[in-house]
Amino acid sequence: MTDPVRAPWEAPMRLALEEAARAPLTGDVPVGAVVLAEDGAVLATGRNERELTGDPTGHAEVLALRRAAAARGSWRLTGCTLVVTLEPCTMCAGALVLSRVDRVVYGARDEKAGAAGSLWDVVRDRRLNHRPEVIQGVLEAECARQLTAFFRDARGGAAETLGPRTPGSQDPGRQTPGSQSACPQTPGQRAAGQGPGNGLPER
Ligand SMILES: [Zn+2]
């Protein structure tokens, strides 16, 4: 059955997925973003370029917002929608609020670092005077699959069965009240225990 809330965003999400698919060419985690104008026209795209540029802020959303602002000739992106394959982190959520976009649409949840409903909900914090609308779960399975495939390949192709998180990786107190039913295949979970630190996708 068609989901009337999410269906309109599937086409731009596919664009974001295409953009994300280019990131691994430079060793970057596949996250892609698209900024749409009020009429749905694509203003800008961005993909994770942290490894490519050596820039810790080189996330897909930040790059797409910068390009969209340049295209518009203004930092103020009122009326725009940012579509991204993975739930924004705190930095990107902050940038989204500052850019005054009307709406944030994302695919996969990031249970370990998401700031748009998972670990935090920066974009809808009532203490802020601008709160974009959030639509999550658009092509969620495809978005999650792209990320898990990347991390699986990065680990040498070893398939990882989905299981509970690494013990101690989840502080129950972190669950936000607004937390909704978790996708069982969020990249954050799949990546738990992998790599340095807490094993978050090194995006
Ligand atoms: Zn980010």
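All of the numbers you see were taken from the coordinates with simple rules; none came from a lab. Source: prediction; values computed, not measured. With ideal geometry, Cβ positions are generated from the backbone for all residues, glycine too; neighbour counts draw on all protein chains shown.
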Any trypsin sites (Lys or Arg not before Pro) in region 53-87 that lie in a DSSP loop and have at most 15 other Cβ atoms within 10 Å would be 76
Honestly region 32-140 on the Cα gyration tensor test (a ≥ b ≥ c root eigenvalues; a/c under 1.5 rounded, otherwise a/b vs b/c for prolate or oblate) is just rounded
The ³J(HN,Hα) series, computed from each phi in region 103-119 with the Karplus coefficients 6.51, -1.76 and 1.60 at θ = phi - 60°, rounded to the nearest Hz and given as x for glycine or proline, is 8, 10, 10, 9, x, 7, 7, 10, 5, 9, 8, x, 10, 9, x, 8, 7
Once amide hydrogens are built 1.01 Å from N within the peptide plane, the residues lying 5 or more places from residue 136 or on another chain with amide H under 5 Å from its amide H are 106
Those trypsin sites (Lys or Arg not before Pro) from region 110-155 that are DSSP loop and have at most 10 other Cβ neighbours within 10 Å turn out to be 126, 127
